[in-house]
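First up is the structure itself, then whatever we jot down about it.
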Amino acid sequence: MSNLTKKEIEEYLCKVYFIDISNPIKASIKRAYLDFCRTLHGLREYEGLRDNAEKVLERQINELFKLEIDSQESFDQWHKSCCDKLIQCFEVYGNFHYGQAQKWINMSLKYIFVFDQQLTDNIYQYFHIPIDNVVLEGLKGMKRIYSFTFCCPWSKIDSYEEYLKFQIWFRNTFYGIPMDNEFRLWMGKDLLVKDERASIPELQERETAKAAEQLPETSSEPGFSSAVRSPKKGRKEGIYFMTIDQVIVEYANEVVKKFGSGTVKERKEIIQEVHSKYGKENEGIIPSDYCYNRVNNGIKANKPTLFIYIDKDQYECVGLNYPYNGVIWHRPKGEKVDIPVGKCVNGKRIIAPDSNFHFKS
């Protein structure tokens, strides 16, 4: 049995693939160039052009890690600027497109992530996926889902607007972090699809129950209606939909991870952010349904608890399995004041036996 550590083996593989690993950013840029350079023809005639472009890209990426990127929009703006600078580098060459620029940039960032996850941790969720034949062919296999086409090969994409439309389509179609999904496509794995029908809880619940009768559950976590493979005819194996509960759980846990437990969110802010990221209809997003210290008519006992109710317009986001202790409040239909109906002990809701409130069975 070998005494080599996992880290030593990984370092060996990196050295074989990247050659010089003393500077991860530079090594990633050089390796990413090899992933698209076959689309360049006659570049050898332009001495020093590649070296200059590599320096420009390295400078732009170093700048990226120093910027306070805190939104998808700010990353998109940096990305567009970086593409434009690379295209300017190849101006004398005259045949360099956004399709080639995006592949170089996006693969460089992907490789940097592989080198050092901590370096990219704060902005990884904003990364664009590299558009290439592997990704496009993988998506075309999902005939029910894939509806985006380019009028030219990916390397010839010459409109940043068209390029960005694809990125937005990808973000809005698949559940999870875009670059995570790109890794999965490369590894031939399934992607989770955001189904717009999940914004109608009753319909979603019926379809989930129907599918669960035919196929085994893929999640046993309390508070979830399991994501299952759709049994409907014509749907490709591996296409999934999410329930509204799963969407709200992921949203709350991401808020806690990014901003810390106890982050206060406005009701309209929660609805807006969930709608923007997951495409759910506003009417189906009811933050007060997911509170440790409040219960609404019509909710089930296993409804996920994620927020602490402050008032009708403000919620403290604490995420799943928070050890909350306190009174549970409820406002009966037609009344103007809240009444206590039970207590929450270490995050578990307990309704008083003599209360008029009952969970939906």
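The values are calculated or read from the model by the stated rules, or taken from the named source; none is laboratory data. As the structure is a computational prediction, the values presented were derived from the model and not from experiment. Quick reminder, even Gly has a Cβ in these numbers, built from the backbone with ideal geometry, and neighbours come from all protein chains shown.
Which one is surrounded by the most Cβ atoms within 10 Å (Cβ to Cβ), of the residues in the range 328-354 that are of a type in the set (A, V, I, L, M) and within 28 Å of GLU254 (Cβ to Cβ)?
The first filter runs over the range 328-354 and keeps only residues of a type in the set (A, V, I, L, M), leaving 328, 337, 339, 341, 345, 350-352.
If we keep only those that are within 28 Å of GLU254 (Cβ to Cβ) as well, we get 328, 345.
Details: ILE328: 23, VAL345: 12.
The residue in question is ILE328.
Checking the conditions here, which among ASP158, ASP190 is among the charged types (D, E, K, R), over 22 Å from the mean Cα position of the chain (by Cα), at pLDDT 70 or above and in a loop (DSSP other than H, G, I, E, B)? Explain how you work it out, then say what you get.
On the way: ASP190 fails: over 22 Å from the mean Cα position of the chain (by Cα).
Testing whether each residue is among the charged types (D, E, K, R), over 22 Å from the mean Cα position of the chain (by Cα), at pLDDT 70 or above and in a loop (DSSP other than H, G, I, E, B) leaves just ASP158.
Suppose we filter LYS7, LYS26, LYS30 for residues that are surrounded by 17 or more Cβ atoms within 10 Å (Cβ to Cβ), modelled with pLDDT under 95, out of contact with any Phe, Trp or Tyr (no Cβ under 8 Å at 6 or more places or on another chain) and farther than 27 Å from ILE168 by Cα; which single one remains? Lay out the reasoning, then the answer.
Numbers: LYS7 fails: surrounded by 17 or more Cβ atoms within 10 Å (Cβ to Cβ); LYS30 fails: out of contact with any Phe, Trp or Tyr (no Cβ under 8 Å at 6 or more places or on another chain).
That would be LYS26, the only listed residue that is surrounded by 17 or more Cβ atoms within 10 Å (Cβ to Cβ), modelled with pLDDT under 95, out of contact with any Phe, Trp or Tyr (no Cβ under 8 Å at 6 or more places or on another chain) and farther than 27 Å from ILE168 by Cα.
Only one of these conditions is not met by VAL92: (1) without any contact (Cβ under 8 Å) to a residue 60 or more places away in the chain; (2) among the β-branched types (Val, Ile, Thr); (3) surrounded by 13 or more Cβ atoms within 10 Å (Cβ to Cβ). Which number is it?
Only one criterion is unmet by VAL92, namely (3).
For PRO340, state whether it is modelled with pLDDT of 90 or more and closer than 18 Å to VAL247 by Cα.
Working: modelled with pLDDT of 90 or more: yes; closer than 18 Å to VAL247 by Cα: no.
For PRO340, the condition - modelled with pLDDT of 90 or more and closer than 18 Å to VAL247 by Cα - is not met.
Which count do you get for residues in the range 44-93 that are within 25 Å of the chain's Cα centre (by Cα), assigned to a loop (DSSP other than H, G, I, E, B) and not hydroxyl-bearing (Ser, Thr, Tyr)? If you could, list the steps in order and put the result at the bottom.
Filtering the range 44-93 down to residues within 25 Å of the chain's Cα centre (by Cα) leaves 60-83.
Right, trim to assigned to a loop (DSSP other than H, G, I, E, B) and you get 67-71.
Okay, now just the ones that are also not hydroxyl-bearing (Ser, Thr, Tyr), so 67-70.
Going through the range 44-93 one residue at a time, the tally reaches 4.
Is it the case that the range 75-84 has a residue that's within 22 Å of GLY188 (Cα to Cα) and of a type in the set (Lys, Arg)? If you could, list the steps in order and put the result at the bottom.
Of the residues in the range 75-84, the ones within 22 Å of GLY188 (Cα to Cα) are none.
Checking the range 75-84: not a single residue is within 22 Å of GLY188 (Cα to Cα) and of a type in the set (Lys, Arg).
Within the range 94-143, track down each residue that is under 19 Å from the mean Cα position of the chain (by Cα), among the polar types (S, T, N, Q) and either not in a helix (DSSP H, G or I) or not assigned by TED's automatic domain parsing to the domain that holds SER155 (or both).
ASN122
Show me the strands (runs of 3 or more DSSP E) found entirely inside the range 238-353 where at least 1 residues are out of contact with any strand residue (DSSP E or B) (no Cβ under 9 Å at 6 or more places or on another chain) and among the basic types (Lys, Arg). So that I can check it myself, show each step before the final result.
Working: elements: 263-266, 307-311, 314-317, 326-330, 339-345, 348-351.
Answer list for the range 238-353: 348-351.
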